[in-house]
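One structure is given here, and the rest of the page talks about it.
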Amino acid sequence: MLFPTVTFAIFFSIVLPLSWLLMPRGTRWRVFMIAASYFFYGYWNPRFVLLIVASTIWNQIWGTVIHNLRNDRSRRYALIAAIAGDLGLLGYFKYAQFFEVSARNALANIGIHANPDILRVTLPIGISFFTFQAMSYVIDIYRRQIEPVNLLDFAVYISFFPHLVAGPIVRASEFLPQLEEKKDPRRVDAGRAFFLIISGLFKKVVLANFLATTLVDRVFNLPELHNGKEILFAIYGYAVQIYCDFSGYTDIAIGLALLLGFRFPQNFNAPYTAESLQDFWSRWHMTLSRWLRDYLYIPLGGNRGSEAATTRNLMLTMLLGGLWHGAAWTFVAWGAIHGGALTYEHYRENRRVARGLDPPTDTVGRRILHRIVTFHVVCFAWVFFRADTFHTAWVILTRLFVGWTQPTPLITGGVVLAIAVGIAMQYIPSNVVDRAQIAFSRLSPVQMGIVMALALLFIDALGPQGVAPFIYFAF
């Protein structure tokens, strides 16, 4: 079940009032929320609910075992067992077919042709997100940063439907304490929630879907048929599309959670205004960036060792981060590009410090240049992220320099406007957005309902995806 659909509108219109009615009765609310989340997740394929149940029970057992053990070696072995189970589940469903095909191709390259039946595994939606959340739970218990909670609370944390499918990755230490807070529906920050839902729908339904259907999909599916201008705009268009799609969905998730009385961490912060790749990763998919930093990069050694060790740690983190996004070598290449760029930035900074040089003068021109360079490095990497194969990526990159004088029917005024809006909206100062949210919150319920209804009808008209049923939020 996806957010901007009639089905979800009906689902949430039932869940929201029942959730607040049951909130004072803690156990009943937990059981209800777990059941609602399982229904949400299993709407596409009920069998996959068993994966969440298995992950919940597995990590709850090992979290309790790790907490009760006193011997450090035993605790470490228990943690390894817990993570091995999590990665085994994720690896089978997400990577088994990928590694099988890769092995078959490698054998074929040396003259060995194996022809067993190809493994067919359906990828459960959201498995990467709830697996990472479960792993952070047992790791934080191992680090003695949190203590295990009862099974009901942990099940709510793992299955809570606003972040179940596409994040943000909410850590146990961020979510579980909120279960103990006394909540009052009259104190919900409804204005901010509605603002996030509206802006998320606009980004996802209007900008992302429009760019995907009118430009990006056409060019990346058949790049041989397009000239350099259309390919360049398709690359820019995909950069805007993936940002609007992903950040729009998480904006909606954060808004829905707010309406239910829970606060989620921010996940995107104007990433295309970044002045370096390090800056980009502090703004893009921030909950994943912090997860990779705290549970992979730092445990590997971070930047505490030699320059070679730091390079290894950066590359491993980004390569695995790329593979986390998808089971294809093009995702690994995407991670390698980011890892290489981060390594280069780290190398330059180390050389400057070693020579005793002062930081460069921070001028407007320098900042603009750094933003332009960073954006284009990110766009270059997006080519591999979006392309189905290396051949497609190669055709895209080589045809950038072909046919610049040919007609460009796909580059319409609407396409240019959508790309410009998608980038320009990230340059709106955060204090302006905050003031807009505050102003929206101060509207009366009737005024807020009218604004919500008009905004949703406008979005539905621009992107006919059936989001008009979200008007129920206004009432």
Only one of (1) under 25 Å from F194 (Cα atoms); (2) modelled with pLDDT of 90 or more; (3) hydroxyl-bearing (S, T, Y) is not met by T7, so which one is it?
(2)
Quick check on the stretch 402-461: of everything there that is surrounded by fewer than 17 Cβ atoms within 10 Å (Cβ to Cβ) and of a type in the set (F, W, Y), which residue is farthest from A193 (Cα to Cα)?
W404
I need a count of the residues in the stretch 33-87 that are of a type in the set (V, I, T) and either open to solvent by 80 Å² or more (accessible area, probe 1.4 Å) or over 28 Å from W20 (Cβ atoms) (or both).
7
Residue list for the stretch 320-334, restricted to those being part of a helix (DSSP H, G or I), more than 14 Å from R386 (Cβ to Cβ) and among the small types (G, A, S):
G321
Before we move on, is T317 under 30 Å from G26 (Cβ atoms) and either in a loop (DSSP other than H, G, I, E, B) or open to solvent by less than 30 Å² (accessible area, probe 1.4 Å) (or both)?
no
With the first residue restricted to the stretch 211-228 and required to be of a type in the set (A, V, I, L, M, F, W, C), and the second required to be outside any loop (DSSP other than H, G, I, E, B) and open to solvent by 10 Å² or more (accessible area, probe 1.4 Å), Cβ contacts under 6 Å at 6 or more apart or on different chains are L211/Q241; A212/Q241; V216/Y238; V216/Q241; F220/R386
Among the residues of the stretch 131-158, write down those that are among the β-branched types (V, I, T) and within 18 Å of the chain's Cα centre (by Cα).
T131, I158
Pull up the stretch 269-298, narrow it to residues that are β-branched (V, I, T) and more than 14 Å from R171 (Cα to Cα), then point me to the one that is surrounded by the fewest Cβ atoms within 10 Å (Cβ to Cβ).
I298
Helices (runs of 4 or more DSSP H) contained in the stretch 380-464 and holding at least 3 residues within 15 Å of G237 (Cα to Cα) and free of Cβ contacts under 8 Å to residues at least 24 places away in the same chain
413-424
Restricting to the stretch 173-192, and then to whatever is at pLDDT 90 or above and in contact with a helix residue (DSSP H, G or I) (Cβ under 8 Å, 6 or more places away or on another chain), can you tell me which residue is least open to solvent (accessible area, probe 1.4 Å)?
F175
Step by step: first the residues of the stretch 360-389, then only those that are open to solvent by 90 Å² or more (accessible area, probe 1.4 Å) and farther than 19 Å from R283 by Cα, then the one that is modelled with the highest pLDDT. Which residue is that?
D388
Please name all residue pairs, on different chains or six or more residues apart, with Cβ atoms under 8 Å, provided the first residue is in the stretch 27-41 and is without any contact (Cβ under 8 Å) to a residue 60 or more places away in the chain and the second residue is assigned to a helix (DSSP H, G or I) and open to solvent by 60 Å² or more (accessible area, probe 1.4 Å).
F32/L18
For R76, all conditions in the list (1) farther than 27 Å from G261 by Cα; (2) outside any helix (DSSP H, G or I) hold save one; what is the number of the exception?
(2)
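The values are calculated or read from the model by the stated rules, or taken from the named source; none is laboratory data. The structure displayed is predicted, hence computed values, not measured ones. Cβ sites come from the backbone with ideal geometry, for glycine too, and all protein chains shown count toward neighbours. Quick note on the areas: whole protein, heavy atoms, side chains included, nothing else; ligands and nucleic acids left out. Shrake-Rupley method; radii C 1.70, N 1.55, O 1.52, S 1.80 Å.
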